[in-house]
Amino acid sequence: MKKDTFYITTPIYYPSGKLHIGHSYTTVAADTMARYKRMQGYDVMFLTGTDEHGQKIEDRAKEAGVTPKAFVDDIVSGIKDMWKLLNISYDKFIRTTDPEHVACVQKIFKQLYDQGDIYKGTYKGLYCTPCESFWTESQLKDGKCPDCGREVTAAEEEAYFLKLSKYADRLVEYYETHPDFIQPASRKNEMLNNFIKPGLEDLCVSRTSFSWGIPVTFDPGHVVYVWLDALSNYISALGYNSDDDSLYQKFWPADIHLVGKEIVRFHTIVWPIMLMALGLPLPEKVYGHGWLLLEGGKMSKSKGNVVDPVVLCQRYGVDAIRYYLLREIPFGSDGVFTNEALIGRINSDLANDLGNLVSRTAAMVGKYFGGVLPAERLAGDFDEDLITQAKAVKIALEEALDKLEFSTALTELFALISRANKYIDETAPWALAKDENNKARLGAVLYNLCETLRVAAVLIAPFLPETAGKIRETLGGDDSMYTWESAGDWGLLKAGMPIAKLPPIFPRIDVEKELAELEAINPAASAAHEAAAGKAEKEKPANVASLSQITIDDFAKVELRTAVITACEPVKKSKKLLKLTLDDGSGQPRTVASGISPWYKPEELVGHTIVLVANLKPAKLCGVESCGMILAADGPEDTVKVLFADGLPAGCAIH
Ligand code: MSP
């Protein structure tokens, strides 16, 4: 039985565009688990990577005029940078274009074919010729192709199929005998009722309509279906089917596959059946987490919120983003992301509670004891309560983390932080400091606060590694004071240790000013996300793709009009905003603030005709009353291009 190893995976990401904050969700959660298990002494394998084949990637590469490999190489390097920024401590990054993975998948396909679990048949479906895609009746939108809205025709093509139906009974039995296999439990019922009970159909596992995939070795022209290719990454990354499968021997079966709820189906039906057919053990657990949504729609369609993790990390620090993702929404549920809620969390939990506790404690040791930790003394009022809570929090946090309840785990930890802040109010060190006779008591109070911070530094490390490091730097001490086990102990800091002062670890944010600035940078950010993520969405099942569609009536609500820029100047209080004066054909000048100054000089814009969103509610941006918005696109390499409509007079309606 495996005991001392821990293997955790994230889904492998489609490198078809820029990732948004929702994509970081699974990875930050997996990273927290990996760090937690490492601290507990497990030998951890944390795998993430990219899922690089398929028609959409082939199409996008063609549009960009590069080879599919060159296209994905570029995006993958951006994804790796992003994980670095977010402090993701993966042990291995797999790409499905890695030659070892390709060879492994080819062997799996051949073995399943040789033993009769994959067979050649005819794929019958409804075909959209321009999109080169097959659809089932239920995937159609109003009887038409869900991607492009055109007519579909009945068609057939030769293809390979995996015998899912043969394994359906074994799969159900496995669910029954392994009640923790699918988490949260509600997702198990969804699988049983929606997919398995109605009858599993054999799965088409090859394609001939495009070539950017892993070739079927024994039948040129066929490439392996992306999901069969992608799912195999969890074992190919460990060297399964290669000359050296020692990692496979050591780590398989996986302890946890963390996945978003929309891909639970592939991980709890297709993947277990593939493994059963290969005669391999099944993973211990598949956890399907909820989605981060935006009010009224999907993350990728962000209009009113900045969702680019890079921008958010630059503004608030990596740990603030990690904290928000793990704390705000219970892991199994959906939740709504807003910049306002993010800033609220930072201000209340991180700046007020944690940040204040650290800086107040360090400042008081500095002021009253010259920055040297006083000795622990006999217990006084309120001490026992604080110490008992500090020693107990480790167990409560472990119980929550073992169930992947990140939010509960952090709530437990922050209850200790609040308790310590209350302890400061109760013991009033500033009053004790007025009387030399209270020096010993004052020392004890400050010792207890520093010890509480030590416990917090240990327990917060899997979630917020940078913050843990900063608290540790303040307190000092050696590694033995910061082991996971030591969080259940009390009294490890030694009298006489220097306690360093530090700048606020989470400065308070001025909410109104910040929201105005975010709004100013948002047109560019949202254009980028629509361009990047909107296309990736199409690779999802139809029910997901349809979530944020709008009707023609919705679109008609947006009044687009041409306008001529008559004057332009920078907005003093902002690095990004330009103030544009527009002739919109109404006879009255109109002012619009736009976050395009990194890309345009004012004099380059005057005289051009642009496209104006004329009926946008006015908003004050850095002191400028902005009445409308101009359209801009996200160009290559992080540029922003205003959409000019030169040649048209001011005031033309755009439909
Ligand atoms: N390539 C497949 C996975 C293959 S695994 C063998 C895929 N890729 S993806 O890039 O579209 O999504 C990767 C992960 O990001 C999924 O788990 C998905 O649920 C997650 N998220 C994407 N948008 C999300 C939110 N808005 N919120 C939370 N997670 C979401 O699917």
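The protection proxy used here, the mean number of other Cβ atoms lying within 10 Å of each residue, ranks peptides 157-169, 184-196 as follows, highest first: 157-169, 184-196. Shape analysis of region 256-400 yields a ratio of the Cα radius of gyration to the Kirkwood radius, Rg/Rh, of 1.13. Could you pull out which residues in region 86-113 have an amide N less than 13 Å from a spot 7 Å beyond the Cα of Thr67, following the Cα-Cβ vector? Of the residues in region 86-113, none has backbone N under 13 Å from the label point off Thr67.
For region 1-158, the fraction of C-alpha pairs more than 22 angstrom apart is 61%. Computed over region 65-204, the alpha-carbon pair-distance distribution with 10 angstrom bins reads 9, 20, 29, 35, 8, 0, each value a whole percent. What number do you get for the chain when its Cα radius of gyration is normalised by 2.2 N^0.38 Å, N = residues? The chain yields a ratio of 1.10.
Once the Cα-Cα distance is subtracted from the 0.36 nm per residue extended length, the Cys148 to Gln588 segment shows a gain of 154.3 nm. Close amide H pairs (under 5 Å, H built 1.01 Å from N) link Leu621 with Ser626, residues at least 5 positions away or on another chain.
Relative protection proxy for 405-414, 232-241, from highest mean packing down: 232-241, 405-414 (other beta-carbon atoms within 10 angstrom). Is any helix in the chain, taking whole DSSP H runs, at least 20 angstrom long along its axis by alpha carbon and on average at least 0.5 on the Kyte-Doolittle scale, and which ones? Result, helices passing both filters: 439-460. Rounded to 0.05, the FRET efficiency of the Ala556 and Asn189 pair, given R0 = 35 Å and the Cβ-Cβ distance, is 0.30.
Take the Cα of Lys250, step 7 Å toward its Cβ, do the same at Glu399, and the gap between the two points is 3.4 nm. Shown in residue order for region 207-213 are the 3J(HN,Hα) couplings computed by the Karplus curve 6.51 cos²θ - 1.76 cosθ + 1.60 at θ = phi - 60°: 9, 10, 7, 8, 10, 7, x Hz (x for Gly and Pro).
Judged by the mean number of other Cβ atoms found within 10 Å, the most tightly packed of the peptides 247-257, 483-493 leads the ranking 247-257, 483-493. Treating each Cα of region 160-221 as one equal point scatterer and applying the Debye formula with no solvent, the log10 of I(q)/I(0) at q = 0.15, 0.20, 0.21 Å⁻¹ comes out as -0.63, -0.81, -0.84. Cβ distances below 4.7 Å define possible disulfide partners, and in the chain the cysteines left without one are Cys104, Cys148, Cys204, Cys313, Cys450, Cys568, Cys622, Cys627, Cys652. Across q = 0.10, 0.22 Å⁻¹, region 411-520 modelled as identical point scatterers on its alpha-carbon atoms has Debye log10 I(q)/I(0) values of -0.38, -1.28, in the order of the q list.
In plain terms, the chain from Ala431 to Gln40 could stretch by 136.7 nm, reckoned as 0.36 nm per residue minus the Cα-Cα distance.
Neighbours of Lys501, meaning other residues whose beta-carbon lies under 15 angstrom from its beta-carbon, give a summed charge of +3 when Lys and Arg score +1 and Asp and Glu score -1. Extension gain for the segment Val511 to Lys166, taken as residue separation times 0.36 nm less the Cα-Cα distance, is 118.4 nm to one decimal.
Under Stokes-Einstein, with the Kirkwood radius over Cα pairs as Rh, the value for region 1-90 at 37 °C and 0.692 mPa s is 228 µm²/s. Projecting label points 7 angstrom from Cα along Cα→Cβ for Asp202 and Tyr119 puts them 0.4 nm apart. DSSP beta bridges fully contained in the chain are about 70 percent antiparallel. For region 383-462, the fraction of C-alpha pairs more than 14 angstrom apart is 62%. When only alpha carbons are used to place a centre, region 600-634 and region 84-140 end up 45 Å from one another.
Computing Rg and the Kirkwood Rh from the Cα coordinates of region 131-239 gives a ratio, Rg/Rh, of 1.02.
Along region 154-161 the Karplus relation, 6.51 cos²θ - 1.76 cosθ + 1.60 evaluated at θ = phi - 60°, assigns HN-Hα couplings of 5, 8, 9, 8, 5, 7, 9, 10 Hz to successive residues, with x for each Gly and Pro.
Taking label positions 7 Å along the Cα-Cβ direction at both Glu604 and Glu340, the computed distance is 3.5 nm, reported to one decimal.
Every number in this text was worked out from the coordinates using simple rules, so none of it is lab data. Just so we're clear, the structure is a prediction, and the values are computed from it rather than from any experiment. Every residue, glycine as well, gets a Cβ built from its backbone with ideal geometry; the counts of neighbours run over all protein chains shown.
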